[in-house]
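First comes the structure, then the notes that go with it.
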Amino acid sequence: MSRVFVAEERALGRRVVVKMLPAELSGNVSVARFRREISVAARLQHPHIVPLLAAGEVDGLPYYVMPFVDGESLRHRLSHGELPIAETVSVLRDVAKALAFAHANGVTHRDIKPDNVLIAGTSAVITDFGVAKAVSDATVGSPLTSIGVALGTPAYMAPEQAAADPGTDLRADFYAFGVMAYEMLAGHVPFAGRSAQGMLAAHATEQPGSIATLRPATPAPLADVVMRCLAKRPGDRPQNATEIVKVLDGIGAPSGAPSIGVPPVAAATFQLPRIGRRVLGIAVVAVVLFATVTWWRMRGTSVDRDAIRSIAVLPFANTSGDTTFDYLEDGVTDHVRDALNAIAGLTIKARGSSQQMKGRSAREIGTKLGVRAVVQGSVSGSRSRLHVTAELVQAADESVLWSKTFDGSPNELAGIQDTIVRAISRRLGLAGMIVGNGARVAGRRGTSDVEAYDLFLQGRHPFDQNDFASAIELFRKAVARDPRFARAHAYLAMSYANLPTLGVAPMDSMNALALASAARALGLDSTVAEAYAAESFVLGGETRLGDALGPMEQAVRLDSTNADIVANYAMGLGQIGRVADGLVQARRARESDPLSGTAVGLLSYLLLLSRQYDAAIEQIRAALVLDPTNVIMHRALGYYYAFNAQPDSAVASFERGFKLNPTLFGGRSNLVFGYAAARRWADASRQRALIERETGDNSPNYSRMVVGLAFGETDAAMTALERGVAAREPLLGIVSLACDPLFDPLKSNPRFSPLVQRLGARVCPATGTWPIGPVRISRPAGNNR
């Protein structure tokens, strides 16, 4: 976060540290506001806090000055591994005392970590107090995804800080404190070895291993306070640092234990008689030999092909340096995954989670995804040559069970994929489960035309990124090359069906194209699950909710391992009012693909429908860690906060989504709802006036309905809903009219239940809790429709 210089202060003849914000961050920081914010931290005077001496700017780059501390950082101390428990308690006590003092004076740190804890003599001091928050509060118009994510260290960030929750408070410091304590006791942070994104996702969704198990000698009160600090929800953590200090004061130091800065005394040497040493030596050799033989036997057993029945297939890394070949990263793996998934007795981890684990070690992937082996590799390409490496790695010890390098022309890709599948199945003793002539493998690919298959793989790349227009172009080319390519027709159908939700294409024409492509796919191959999914998307988009469920059920029957299909089936159940059944399926999808944004996001929505607001917020935060620029997830989080009586957080989420894209998924109407929930009626009225002047919204009646609900105009909202359903507006096909709490005020209207029933759904009872109070500002004159 800064460039660091050691300088001499000439007036007093002392060394100081000057920290200057880098230009890429400073461009969005108001220097005046930064100085104002950091002046609050500068007033902190405490023996365990390194004070701020001055702040200013040079050529527009803000800087601040601190005393030079002659010592070492806790990070350096930890470079040798875990610390003695007594030293850990001593350091933590000093840090907790500093936190207690700073918090009492209204200052949070926001970046507690070993790098910011310095050991000076027998005392620990914290540096950079309040700086991260000062930079965050002084940042305007940041191009970063969220300043909360940018200003912090992923390994130590609380879930709410990673999600850029504006409600983040001092309890985020306790979470970081807990991570640091964990590292001091265990020698590593809770989710070591993962990418920044994976680390943030783990903090949001996973429970770290118990420190009492990792370090059995840890005093119970210390282990308890560390794990409490690591609670996902701020309310489950200690609520003030004084509470932590009292726990640490009660532990004390074991008799004779070393303190900070004092090396431990060497243990006394125990002398054995010479013959005793000889016997002991023989015994040690015997034990070592026995252990070695046992280890080799166990190692031989551990790589037994019968023991491995669960695999993750990771995207093959594009090492060509040419981004035009990025599509091969997933393209090479998708067929391998699909083909292995068809082998009876073999469990293949779902696609989304495997994509998220790219770049991790096999051991970590095995632990995270619960698999025994990992298929990984690399691919580089050009117009004339293709270079592929592949290997099967055992997760437990990262031993390579099989590996091979392939060099050939691009039209040999299909054969390379088939060879990989056969080699892995043979290595695992499953060769008899796959047809030797490759017919079954080629059948799952869907085409024997090399160029059509390559175009299909290229189309999958933008499809996964919701760039349906680009995907359509490539899928069209694929079916033009091979008109009998059923999977390409199916993905073309899904692309057509999804395009209207982005507001860039009319629904009627896209739905007609989608149904035609789906019918073509099923005419060629009635087992293509994606074609049924496309039919369901079309029917759902037309708000034929009951009719949409049947095709999705068929898709699940054909491909129950596809977490995206299962998650959308869960959504379909929620849309017709079968929330409990939908929640079961959503959890199933989440368990199958725990790092899939689709699976996690739809689980959060089913939790909302069941009125489990806290759990819904926890899941949607995890989904946003996986995809922080997802507009619909920011919009969803805004409503979750609103219904959970957190209006300020709701406004922040709505504003963030609107900033990312002001037209998608209700756009400005979400702001109206958020401002109304926060009682900011002037802002709500201003946004309402803008909506009524805007054109081009693909779901205008949906937006009017939301505005009517926000202003308590339920009759007008009901009329807008009826008009939106009649017009088959896309946004009404992606929510649950029957059970979403957004529609609770309409459930007393006698027209609501019959409307929902005509769509094939049953209405869930209203909760009786509505987040918006009475309107306090009248609507401006002249704006009535």
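The residue that is nearest to Y453 (Cα to Cα), counting only those in the range 472-502 that are small (G, A, S) and crowded, with 18+ Cβ neighbours inside 10 Å, is A478.
Do you know which residues across the range 199-233 are within 14 Å of L185 (Cβ to Cβ) and part of a loop (DSSP other than H, G, I, E, B)?
So the first thing to find is which residues in the range 199-233 are within 14 Å of L185 (Cβ to Cβ), and the list is 208-227, 229-230.
Listed by number, the residues that qualify are P208, G209, S210, R215, P216, A217, T218, P219, L230.
D627 satisfies every condition listed in (1) touching a residue at least 24 places away in the same chain (Cβ under 8 Å); (2) surrounded by fewer than 24 Cβ atoms within 10 Å (Cβ to Cβ); (3) within 20 Å of G572 (Cα to Cα) except (3). The set of residues in the range 382-405 being at pLDDT 80 or above, touching a helix residue (DSSP H, G or I) at 6+ places or on another chain (Cβ under 8 Å) and of a type in the set (A, V, I, L, M, F, W, C) consists of V388, A390, L392, V393, A395, A396, L401, W402. Restricting G572, G546, G540 to those that are in contact with a Gly (Cβ under 8 Å, 6 or more places away or on another chain) and within 17 Å of L499 (Cβ to Cβ) reduces the list to G540.
From the set of residues in the range 375-413 that are in contact (Cβ under 8 Å) with a residue 40 or more places away in the chain, of a type outside the set (S, T, Y) and not in a strand (DSSP E or B), which is surrounded by the most Cβ atoms within 10 Å (Cβ to Cβ)? My answer is L413.
Screening S509 with (1) without any contact (Cβ under 8 Å) to a residue 24 or more places away in the chain; (2) among the hydroxyl-bearing types (S, T, Y); (3) over 24 Å from F665 (Cα atoms) gives one miss only, at (3).
Go through the range 1-98 and tell me which strands (runs of 3 or more DSSP E), entirely inside it, have 3 or more residues that are charged (D, E, K, R) and modelled with pLDDT of 80 or more.
Details: elements: 3-9, 14-20, 54-58, 61-67.
In the range 1-98, 3-9, 14-20 are the strands (runs of 3 or more DSSP E) which contain 3 or more residues that are charged (D, E, K, R) and modelled with pLDDT of 80 or more.
Each residue in the range 587-610 was checked for being farther than 19 Å from D740 by Cβ, of a type in the set (A, V, I, L, M) and in a helix (DSSP H, G or I), and 2 of them qualify.
Mind checking whether some residue in the range 674-689 is surrounded by fewer than 18 Cβ atoms within 10 Å (Cβ to Cβ), part of a loop (DSSP other than H, G, I, E, B), hydrophobic (A, V, I, L, M, F, W, C) and touching a helix residue (DSSP H, G or I) at 6+ places or on another chain (Cβ under 9 Å)? Checked the range 674-689: no residue is surrounded by fewer than 18 Cβ atoms within 10 Å (Cβ to Cβ), part of a loop (DSSP other than H, G, I, E, B), hydrophobic (A, V, I, L, M, F, W, C) and touching a helix residue (DSSP H, G or I) at 6+ places or on another chain (Cβ under 9 Å).
Condition test on G193, is it assigned to a loop (DSSP other than H, G, I, E, B), over 24 Å from H103 (Cβ atoms) and in the same structural domain as V247 (by TED's automatic domain parsing)? When the stated conditions are applied, G193 passes them. Screening the range 99-127 for residues that are among the polar types (S, T, N, Q) and either outside any loop (DSSP other than H, G, I, E, B) or in contact with a strand residue (DSSP E or B) (Cβ under 8 Å, 6 or more places away or on another chain) (or both) and picking the one that is modelled with the highest pLDDT gives N116.
Out of L690, L737, which single residue is out of contact with any Phe, Trp or Tyr (no Cβ under 8 Å at 6 or more places or on another chain) and of a type in the set (A, V, I, L, M, F, W, C)?
Working: L737 fails: out of contact with any Phe, Trp or Tyr (no Cβ under 8 Å at 6 or more places or on another chain).
Exactly one of L690, L737 is out of contact with any Phe, Trp or Tyr (no Cβ under 8 Å at 6 or more places or on another chain) and of a type in the set (A, V, I, L, M, F, W, C), namely L690.
The values are calculated or read from the model by the stated rules, or taken from the named source; none is laboratory data. Predicted, not measured: the structure shown is a model, and the values here were computed from it. When we count neighbours, we look across all protein chains shown, and the Cβ atoms used for this are built from the backbone with ideal geometry, even at glycine.
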